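Report on the structure given below.
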Amino acid sequence: MMTTAAHLTTDELDAFLEDHPTPRATSHLATCAECQMMVTLDREVVYHLGALPEHVPSYRFADGVMARVTVGHPVSAPVVVPATPRALAARRRVLVAGGLTGAAVAGAFGWAILNPAAALGFASPALQQGGHALWAGMQVGLSSAVDQPVLAWVTDMVAAPMRAIPILVGAAGAYALALTGMRHLLTEPAHHARG
Amino acid sequence: MSERPVTDWRELVDQDVVRLAALGHEAAYRELIRRYERPVFSLIYRMVRDRELAEDLAQETFIKVLNAIDSYRPEYKFSSWIFKIANNAAIDQLRRRSLDTLSLDGSPHAESAEAIEATTLQVGDDRESQLDEVANRELGAMIEEAIGQLRPEYRNCILLRHVEGRPYEEIAEILDLPLGTVKTYIHRARNELRILLAAVRDE
Ligand SMILES: [Zn+2]
């Protein structure tokens, strides 16, 4: 079909490739077989160019580069970047939950130290019986192992459970500290979106 | 400002990684290499068409960029910077080797249709024999080969635009060329490939 309108300019061809052709280009294309062929071939060329595979350098490439690069101003601090609001919120939740749990455990231990009789009487008879049975088993199991002068304090502790409470409190404190320390080593959830 | 350890490099933009590299973190250097080794190597390889040479030039590119990481200006895209160095390395090499700059489309500086025609090499017979030779190959491989036949000035433009997907403005920045020139080179390169494709279809 013949058309009097000028053929598509290179900019108009570009606009077709980027899917925002001008109205003039669209109406011209509808009547011009020559430009239709141009646009079709252009799209095909661009498609094939975009589909070309990436060439991959050898596996030694990065090491080869790093061997000749001077890493400037070495620092010993860990790599840090600004935290995202989402990461900050997640960290706050973990700290609040951890703090409340730690406070509850410490409070319970403190109360038990100050009120040993009440603490022992607090448990139900069934729990007490179970506790006694467990304690007796531990005494039997440990007695042979700790029947040496150097472990006299262990023997005393087994014989008098109440003396173990400060040690248990200390252990609980150390455990809480370790948990807090571990928290800093734990990784954040990964965010894959690149800015 | 509150900070946290890097656990996933993919969440960082180039500027952040460059900043960490400038602070002396080796892992950041390696991340930049990981991000750009393939596109940089591909660009250079398609320019010089020699794998071993391309690997050397790509390494030189990274060494030059990473050793000057302190001088990086964040208002400039890192990709533009590294592609610029890579392109310069490839072009310098082509000049040194006086590699074939066979143009199917006349001088890149020719502005008028007459000037283009006057500077176009008469390669009709060669092109036909080339077409015969590649008739049975994959179209992609043929286009790859056709890119290699383009004038280097066209080649880097079309590679950056349609293989690496860089916008015209960034290509102008990378190649230090006016935007209009970049568009002209890309159109001429695409024109050549289009003619080749049409010829293959007509066979
Ligand atoms: Zn037309």
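Worth pointing out:
- Any hit, the range B:173-183, residues being under 10 Å from the mean Cα position of the chain (by Cα) and free of Cβ contacts under 8 Å to residues at least 60 places away in the same chain: no
- Search result, residues across the range A:1-17 that are more than 9 Å from the ligand (Cβ to nearest atom) and more than 10 Å from chain B (Cβ to nearest Cβ): A:MET1, A:MET2, A:THR4, A:GLU12, A:ALA15, A:PHE16
- Once the range A:85-109 is narrowed to residues that are at pLDDT below 80 and open to solvent by less than 50 Å² (accessible area, probe 1.4 Å), the residue that is farthest from B:ALA21 (Cα to Cα) is A:GLY98.
- Extreme residue, modelled with the highest pLDDT, among residues of the range B:59-83 that are among the basic types (Lys, Arg) and over 22 Å from A:VAL56 (Cβ atoms): B:LYS77
- Candidate set: the range B:26-38, residues that are farther than 17 Å from B:GLU55 by Cβ and open to solvent by 20 Å² or more (accessible area, probe 1.4 Å); chosen: the one farthest from the other protein chains (Cβ to nearest Cβ): B:ARG35
- Residue that is farthest from the other protein chains (Cβ to nearest Cβ), among those in the range A:31-63 that are among the acidic types (Asp, Glu) and either within 16 Å of the ligand (Cβ to nearest atom) or closer than 23 Å to B:GLU144 by Cβ (or both): A:GLU34
- Residue check for A:HIS28: under 22 Å from B:LEU196 (Cα atoms), over 54 Å from the mean Cα position of the chain (by Cα) and within 13 Å of the ligand (Cβ to nearest atom): no
The values are calculated or read from the model by the stated rules, or taken from the named source; none is laboratory data. A quick note: this is a predicted structure, and the numbers were derived from the prediction, not measured. All Cβ positions, glycine included, derive from the backbone under ideal geometry; neighbour counts span all protein chains shown. Calculation scope for accessible area: heavy atoms of the full protein, side chains included, ligands and nucleic acids excluded. Shrake-Rupley method; radii C 1.70, N 1.55, O 1.52, S 1.80 Å.
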